[in-house]
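The values are calculated or read from the model by the stated rules, or taken from the named source; none is laboratory data. Source: prediction; values computed, not measured. Positions of Cβ are backbone-derived with ideal geometry, glycine not excepted, and every protein chain shown enters the neighbour counts. When the accessible area is computed, the model is the full protein with side chains, heavy atoms only, and any ligands, DNA or RNA have been set aside. Shrake-Rupley method; radii C 1.70, N 1.55, O 1.52, S 1.80 Å.
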Amino acid sequence: AGTDLNPWLADHKVHGQPVMPGAGFAEIVLAAGCQALGVPASDLEVTRLEVEQMLSLDAHARLTTQWTPEDDGSARVEVHSRSDAGRWTRHAVARVRALGADRPAPPVITPGTGATPLAPNDFYTALRRTGAYHGQAFAALTRIARGPTGWTDTEIVLPDEATPYQGAVLHPVMLDAALQSLAAAMPAEILSESSEVTYLPVAMESIRVFGEVG
């Protein structure tokens with residue numbers, strides 16, 4: 001990992017420092033499940049993904065993924081980094097399981113009514129005031145409509161700066177943009193009053209990939 005291998009990661013910053021997005025750890029865990037179990041991402045479920053320690057990114061970041069089978073048929077996946085001094089730090093942990101024939105169907109989403117358009121540039125400016133900087137590669141929300149009761153309807157387009165890469169399971173920019181929609185659902189006054197609070201996703205209860213994203 002690192003900004004040399006994936007320059008677009010440098011466009012995800014917290015208080016000026018490039019950091020691995022939670023969506024990046026989701027992609028690592030999903031890829032580990034596909035490789036270890038020999039199945040496509042649509043046959044997997046990731047549960048209880050928790051980002052325990054932020055990973056600051058530089059040109060090169062040495063990561064390792066640990067896979068530990070559990071008695072219930074799932075596996076525990078841990079993502080660690082190694083410092084130049086040889087110290088290991090655990091950044092994220094999750095559970096992965098293969099889905100059987102009784103897998104749940106994709107949810108049916110019905111958009112609400114009464115949404116108010118929100119200019120994406122205004123939204124990203126508000127996030128920057130909280131310390132969360134999304135450069136061109138991560139500014140993937142091209143349309144935002146904020147509902148009156150805590151929901152949003154958004155359109156996501158992978159920016160040209162976010163290079164697609166071979167073997168991607170769930171491009172981190174696409175998932176990060178979906179999570180940005182949660183912040184967009186918050187009332188405008190909350191974001192405007194949050195100059196000292198950074199909103200970042202640090203846990204995901206369940207991740208499913210139903211088909212090719214995008």
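If Lys and Arg each add +1 and Asp and Glu each add -1, what is the summed charge of the other residues whose beta carbon sits under 14 Å from the beta carbon of L179? Here the count lands on -3. Taking θ as phi - 60° and the Karplus parameters 6.51, -1.76 and 1.60, the scalar couplings of the range 148-153 work out to x, 10, x, 9, 9, 10 Hz in sequence order, x denoting glycine and proline. For the peptides 2-14, 108-120, the ranking by packing is 2-14, 108-120, with the highest mean count of neighbouring Cβ atoms within 10 Å listed first. Peptides 19-26, 100-107, 43-50, ordered by how many other C-beta atoms sit within 10 Å of their residues on average, highest first, read 19-26, 43-50, 100-107.
For the range 56-214, the relative contact order is 16 percent, taking Cα pairs closer than 8 Å that sit 6 or more residues apart in sequence and dividing their mean separation by the residue count.
Average accessible surface for the chain: 54 Å² per residue, computed with a 1.4 Å probe over protein heavy atoms with every protein chain in place. Between D71 and L179, what's the calculated FRET efficiency when r is the beta-carbon distance and R0 is 30 Å? Round to 0.05. With R0 = 30 Å, the Cβ-Cβ based efficiency is 0.40. Over the range 1-141, Cα pairs under 8 Å with separation of 6+ residues give a relative contact order of 28 percent.
Listed peptides 125-136, 69-80 appear in the order 125-136, 69-80 once ranked by packing, highest mean of other Cβ atoms within 10 Å at the front.
In this simple spin-label approximation, D4 and E50 carry label points 7 Å from Cα along the Cα→Cβ vector, and these lie 3.4 nm apart. Approximating the spin labels as points 7 Å out from Cα along Cα→Cβ, the R62-to-D160 distance works out to 3.8 nm. Taking the accessible area of the range 112-187, probe 1.4 Å, and keeping the other protein chains in place, the carbon and sulfur fraction comes to 54%.
A simple rule links phi to the HN-Hα coupling: the Karplus curve 6.51 cos²θ - 1.76 cosθ + 1.60 with θ = phi - 60°, which for the range 87-94 gives 8, 9, 10, 8, 9, 8, 9, 7 Hz, with x for Gly and Pro.
Stretched out straight at 0.36 nm per residue, the stretch from I190 to N121 would grow longer than its current Cα-Cα span by 23.1 nm.
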